[in-house]
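Heads up: the structure comes next, in structure tokens.
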């Protein structure tokens, strides 16, 4: 994946994740939409930076065709990513929402469980759609050259 593709992947992932997370937190907490929106935008910014750095590093350790990654490798990827993100975001969430670290931990774990499932599904779909697009581009360029 090129740098631009990584940025696109991270932004698309986070826009969808923030929107869904705000809705879930509104349902399960008594915080106002504005406070949750601001918090989740900051958390998403942290997550985007972490996403870029973590996925680059992960790809260095596990190169190759992403569509051939096993379920176990995808689960390992998501768990490592989310543990690192929790360490970065719990203190931020506590400070912004004015809750204890324990309360922030509970809220963040709830979001993390949701995001973990979301990340698995999102990345599976993204990788396969990406492979289809690349294949169509190759086929189109082959047709153009041979005509």
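Some notes on this structure:
- Lone qualifier among 70, 89 - being buried (at least 18 other Cβ atoms within 10 Å of the Cβ) and on the phi < 0 side of the Ramachandran plot: 89
- No other residue among 31, 77, 9 is surrounded by 13 or more Cβ atoms within 10 Å (Cβ to Cβ), in a loop (DSSP other than H, G, I, E, B) and either in contact (Cβ under 8 Å) with a residue 40 or more places away in the chain or under 15 Å from the mean Cα position of the chain (by Cα) (or both) apart from 31.
Yes or no, residue by residue, for (1) more than 16 Å from the chain's Cα centre (by Cα); (2) over 30 Å from residue 2 (Cβ atoms):
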{"position": "24", "(1), (2)": "yes, yes"}
{"position": "36", "(1), (2)": "yes, yes"}
{"position": "39", "(1), (2)": "yes, yes"}
{"position": "49", "(1), (2)": "no, no"}
{"position": "65", "(1), (2)": "yes, no"}
{"position": "69", "(1), (2)": "yes, no"}
{"position": "82", "(1), (2)": "no, no"}
{"position": "99", "(1), (2)": "yes, yes"}
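- Residue check, residue 105 part of a helix (DSSP H, G or I), in contact with a helix residue (DSSP H, G or I) (Cβ under 7 Å, 6 or more places away or on another chain) and closer than 22 Å to residue 20 by Cα: yes
- Test: residue in region 54-63 that is under 28 Å from residue 96 (Cβ atoms), surrounded by 16 or more Cβ atoms within 10 Å (Cβ to Cβ) and at pLDDT 90 or above: yes
- Test result for residue 117, surrounded by 10 or more Cβ atoms within 10 Å (Cβ to Cβ), within 17 Å of residue 71 (Cβ to Cβ) and modelled with pLDDT of 80 or more: yes
- Residue 140 meets the stated requirement of being surrounded by fewer than 13 Cβ atoms within 10 Å (Cβ to Cβ) and farther than 20 Å from residue 10 by Cβ.
- Selected residue (only one of 23, 57 is farther than 15 Å from residue 112 by Cα and part of a helix (DSSP H, G or I)): 57
The values are calculated or read from the model by the stated rules, or taken from the named source; none is laboratory data. Quick caveat, the model's predicted, so the values are computed rather than measured. Using ideal geometry, Cβ is built from the backbone for each residue, glycine included, and neighbour counts are taken over all protein chains shown.
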